[in-house]
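Visitor: Attaching a single structure in structure tokens format; questions to follow.
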Amino acid sequence: MADTFSKGERSRVMRAVKSSGNKSTELRIIRLFKQHGLKGWRRNYPIFGKPDFVFPKTRVALFCDGCFWHGHDCRNTKPKQNAEFWEKKIARNIRRDRETTRELTKRGWTVVRIWECELQRDFLPPKVVSQIKGTLR
């Protein structure tokens, strides 16, 4: 499928994508926390890997991973232009995610990762709720 934007427009759109502070995603997660009675979360908590949310009391680090940027195959979207660049970029992100999870786990944290597509369905898996509450390790 051809890109609907010109090369210059696509470049402008991609520059506008931020690596953190995605307000709509963060607000959706906060709403789900409230629905499930999850309290004690912090944002911008100073630990390795910069999780989106941290529950210091139960030592849970929560990441909400964008499906495209972190290699989830839910939508099967793979750019045809500059494909090699994107494959390497996404593979590097996946490697970094694994290293971050390994390091935080070594430091005694439970790492929880939620896919962006799960949030779009306003869904927080029961296992995730249990991990956050500290009842499942």
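The values are calculated or read from the model by the stated rules, or taken from the named source; none is laboratory data. Because the structure is predicted, anything quoted here is derived from the model rather than measured. Here the Cβ positions follow ideal geometry from the backbone for every residue, glycine too, while neighbour counts run over all protein chains shown.
Visitor: Please specify each residue of region 102-119 satisfying the condition of being touching a helix residue (DSSP H, G or I) at 6+ places or on another chain (Cβ under 6 Å) and part of a helix (DSSP H, G or I). Show your work before the answer.
Guide: Going residue by residue through region 102-119, those that are touching a helix residue (DSSP H, G or I) at 6+ places or on another chain (Cβ under 6 Å) are 110-112, 119.
The one that is touching a helix residue (DSSP H, G or I) at 6+ places or on another chain (Cβ under 6 Å) and part of a helix (DSSP H, G or I): 119.
Visitor: Taking the stated definitions as given, is residue 48 part of a loop (DSSP other than H, G, I, E, B) and either surrounded by 12 or more Cβ atoms within 10 Å (Cβ to Cβ) or not small (Gly, Ala, Ser) (or both)?
Guide: For residue 48, the condition - part of a loop (DSSP other than H, G, I, E, B) and either surrounded by 12 or more Cβ atoms within 10 Å (Cβ to Cβ) or not small (Gly, Ala, Ser) (or both) - is met.
Visitor: Only one of 75, 31 is surrounded by fewer than 17 Cβ atoms within 10 Å (Cβ to Cβ) and either within 11 Å of the chain's Cα centre (by Cα) or outside any loop (DSSP other than H, G, I, E, B) (or both). Can you tell me which?
Guide: None of the other options fit; the residue is 31.
Visitor: List the number of the failed condition for residue 122; all other conditions in (1) part of a helix (DSSP H, G or I); (2) more than 27 Å from residue 5 (Cα to Cα); (3) among the charged types (D, E, K, R); (4) at pLDDT below 90 hold.
Guide: If we test residue 122 against (1) part of a helix (DSSP H, G or I); (2) more than 27 Å from residue 5 (Cα to Cα); (3) among the charged types (D, E, K, R); (4) at pLDDT below 90, just (1) comes out false.
Visitor: Provide a single number: the residues in region 51-70 that are without any contact (Cβ under 8 Å) to a residue 40 or more places away in the chain, in contact with a strand residue (DSSP E or B) (Cβ under 9 Å, 6 or more places away or on another chain) and surrounded by fewer than 17 Cβ atoms within 10 Å (Cβ to Cβ).
Guide: 1
Visitor: Taking region 89-122 on its own, how many of its residues are without any contact (Cβ under 8 Å) to a residue 12 or more places away in the chain, more than 11 Å from residue 71 (Cα to Cα) and over 14 Å from the mean Cα position of the chain (by Cα)?
Guide: Residues flagged as without any contact (Cβ under 8 Å) to a residue 12 or more places away in the chain, more than 11 Å from residue 71 (Cα to Cα) and over 14 Å from the mean Cα position of the chain (by Cα) within region 89-122 amount to 5.
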